[in-house]
Every structure is written in C-alpha cells, then in structure tokens.
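To start, the structure under review is shown below, and the notes come after it.
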Amino acid sequence: MDSQDIDMSIEYFYNSSDNISEESGDYDIDQEPCGRALSNDFNKIFLPTVYGIIFILGIIGNGLVVVVMGYQKKLKNMTDKYRLHLSVADLLFVLTLPFWAVDAFKTWYFGQFLCVSVHMIYTVNLYSSALILAFISVDRYLAVVRATNSQAIRKLLASKVIYVGVWLPAAVLTVPDMVFARVQNKGSSNWSSNWSSDFLFSDESMEPADSRIICQRIYPQETSLIWTVVFRFQHILVGFIMPGLVILICYCIIINKLSRGTKGQALKRKALKTTIILILCFFSCWLPYCAGIFFDNLMMLNVISSSCVMQQAVEKWISITEALAYFHCCLNPILYAFLGVKFNKAARSALTSSRSSQKVTLMTKKRGPISSVSTESESSSVLSS
C-alpha cells in the first residue's frame, strides 16, 4: 500500500510469473501467481495497526518538540534549528500514515488530489528526515572535533545550506509523484499491467471484477520494470546510503576524539554511549528494510535466481522491516531531544505555562526567559545530553 519506491515485489512476482503474458501483460485469473504470501487479513490487521501506533507516538513526540520550540522566542543555536527541522519532517511524515492505513484496511477514499498530495508529502519528508540526521552528525562533528573555529560554518549550515542540501533535493524527488501517482480502479482492463509499489500492502483479491480503488504510482507498461528498479535504488542511495555514510563517518571520528584524553571521563563515557545509540538506532531501523528491497531488486533484474518460496520470504521481510524503519521517526524526538536535561525542563515549563498565561508571566519575571532547549555545547557535552 505504501508509496512510490518502497516494495515493488508484487510487480516482479507478476512479471516473472507464467500467469502473465509477456506480450500483453494480461493476468490469467484462473491461476494464483507466486508471491501472494501476505494474506488480505494480514494486510488489513498488521499494517493499519503498525501505522496507527507510529502515528500516535510520532504525533506525541514530535508534536511536543515543536510545541516546546514554539515557546522559544528565538532558537539560540544550531542544534535547536536542526531539532525543529527534524521534528517538522517527522511530524509531516506521520501525518500521511492514516491515509495509508485506511487504504490498507479497505480502499482509497480520498480522490486524485489527495493521492498525489499524500505521495508528495510522504516523499519529501521521508528523504528530508534522513538528510537532516546527516546534517546533525556533521554539526556535532564540527562542534566536537573542530570546536575552536567551526562556529561560522555551523551557522551557515544550519541557517542556509540545510535548505539547499535537504529540503530542495527532497522537493525535487517528488516530481515522479506528480507524474506517476494517480487513483485507479483495480478492476479496470489495464490494471494488471500497471503494478507499483503500493500494491504489496493493499487489500486485493485477484478477480478483475473487484472494483477496489487504489492510489499508487502507475508506470508505463513497457518500461515499468526500469522505473521500478531505478526509483528503488534511488530510495536506497538517497534515503539510506548517503546519510548513513555521513552519520557513520562523523560519529566514528567523534568517538575517536572523545576516547582520547583524561579530562571529563564520566562525561565522555556518557557521550560515547549516546553516540553509539544514535548509530545503532539509525542502522537498526533502516538497514534491514533497505537490504530487503536491494535483494528484491537483484531478483527483479534476474541477477539472483529466485524460487517462489524465496519471493514469498522477501515479500514478508520487506513488509515487516518497512514498519520497523518507520519507527525511527518516533525515536528521533527521544534520541535528539528528550535525552537532554534542559529540554525536559523546558518541556515541563512549556506544558505548565500553557495552563495559565498569568503563571507564564510570573515565572518569566522571577526566573527569566526559558533557556534554550539545546543540550549541547562546543565540547564533548554536545553528545552527552
């Protein structure tokens, strides 16, 4: 059911099945194609449940970060700006999940305009979230390893370069959604020849008489395999490999830097622990899913010979690990905000202040303005919060 470049296994299963004519692409309804490992009941229950959990956790966590940031009259440093960008990206991402949950459970009720819009929102925030994490790792590298002369560069990255390096490419990557995403009746005559990624997660029976409405990318029949493979490799490269390498390299250098010297050992140990957690969480969430679609791409290109059992196993693997990958947007507020003591204090102050405007004024006069939610400094404490 999911959008654009994620899991196009079923397209491969159909293209490689004897149930489809190589010339016409017509589906033989008398036989069940290989690859239908995920039953309709599984899709109806598993996907809406997982998307619902991610939606609730993501709204609460990222929403609280945005609210707390909103109480700051001015974001005082680069870390605050990155956290706001990341929370906005994750928040917009989780807002698309209810649409996919309804689609997986029943059908697409929301029309052509929302079909394209939800695909675009999904794409821009999926890529921007990963790229922002890369920017955060670069910022922390500069703050720890190049602390004495990096302030100007960090400020430039956080205030200007992030729009060119994150939001612009993420927006450009939505062009295929505008071109290919559309609403279609599954029972139409050309339905079987225009599979896209969304169908793995849809509730579909194979009879053409079923008039279920779907929202998906629909590629030209003659070049469907090419488009599918290209966009899936694009997702792996831009959404995982590039930001993953930046994160890994920067944090490994930071670990090496913090491991040397004898001053502030307790603080450094906490910083090292936090750094390792950040690395493990990113790769634990995204590596299994990206490995699955990469392996499936190789089967689609006949680089790896596959059996029906293998196709079914890959289909299950991709569906489950995709949900795991999406949980990363729920972890981001915890990893990059809630672990900080100052953020927790600011959050309590913001939530308490929302109850009474008079109390806010009184607290401001007595204690001064709420401090920045940043938990980082220009030293090893940049990672210890």
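The values are calculated or read from the model by the stated rules, or taken from the named source; none is laboratory data. No experiment lies behind these values; they were computed from the predicted model shown. With ideal geometry, Cβ positions are generated from the backbone for all residues, glycine too; neighbour counts draw on all protein chains shown.
Structural remarks
Quick grid of which residues meet (1) under 19 Å from W227 (Cβ atoms); (2) modelled with pLDDT of 90 or more; (3) more than 20 Å from the chain's Cα centre (by Cα):
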| residue | (1), (2), (3) |
| --- | --- |
| L278 | no, no, no |
| P288 | no, yes, no |
| I293 | yes, yes, no |
| L298 | yes, yes, yes |
| N302 | yes, no, yes |
| S307 | no, no, yes |
| M310 | no, no, yes |
| E315 | no, no, no |
| E322 | no, no, no |
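- Among the candidates A181, A134, A143, A152, residue that is within 20 Å of C250 (Cβ to Cβ), of a type in the set (A, V, I, L, M), crowded, with 19+ Cβ neighbours inside 10 Å and over 17 Å from the mean Cα position of the chain (by Cα): A143
- Some residue of the range 97-116 being among the polar types (S, T, N, Q), part of a helix (DSSP H, G or I) and in contact with a strand residue (DSSP E or B) (Cβ under 9 Å, 6 or more places away or on another chain): yes
- Selection within the range 97-117 - at pLDDT 85 or above and buried (at least 23 other Cβ atoms within 10 Å of the Cβ): L97, F99, W100, D103, W108, C115
- Within the range 141-166, considering residues that are more than 25 Å from A89 (Cβ to Cβ) and not in a helix (DSSP H, G or I), the one modelled with the highest pLDDT: R146
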